[in-house]
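The values are calculated or read from the model by the stated rules, or taken from the named source; none is laboratory data. This one's a predicted model, so the numbers in the text were calculated from it and none came from an experiment. Glycine gets a Cβ as well: all are built from the backbone with ideal geometry, and neighbour counts include every protein chain shown.
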Amino acid sequence: MDRTLVLNAQLAIARGHRVEVSERIVEGGEPAVLSIVDLDTGIRYRRAEEPRGEIVRWMGRVLECTVMLGGVGAHTELAVAPDASGGTGARTALREADAAVDAAKAEADRWGGTDKAPEEPVDRIW
């Protein structure tokens, strides 16, 4: 599943480049990007603050990069396709698993689920 990273910085990474993303899991469970390394050029983009807490590293390939210029809202939107072998943090994996369970329960409810009582067998006369 593709990930969209919105960064409060202006950085341009070409489409198709491989990147390594380091994230920190914050209190609310949402990841905060600490650094991005463009593995094809060797350029490292990182925050000035020191990392603390649980750090998750994963790799992917850039699908799209949009840099918004000027003003207060200057930022970069980066669409990244994570590698299949890339690891994710335990909290991220659990959050995605919980979302999958909720979706499966909703689908089961929509199709009737198992909450219906079984029909009584019909008496057969031979």
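Quick notes on this structure:
- The listed residues are Val21, Val72, Val26, Val33, and the only one of them that is crowded, with 16+ Cβ neighbours inside 10 Å and at pLDDT below 90 turns out to be Val33.
- Hey, Val67 in contact with a Gly (Cβ under 9 Å, 6 or more places away or on another chain) and either loosely packed, with under 12 Cβ neighbours inside 10 Å or not small (Gly, Ala, Ser) (or both) or not: no
- All strands (runs of 3 or more DSSP E) inside region 12-83 with 2 or more residues being β-branched (Val, Ile, Thr) and touching a residue at least 12 places away in the same chain (Cβ under 8 Å): 18-25, 31-38, 55-68, 75-82
- Failed item, numbered, when Arg61 is tested on (1) over 21 Å from Met1 (Cβ atoms); (2) at pLDDT 85 or above; (3) of a type outside the set (A, V, I, L, M, F, W, C): (1)
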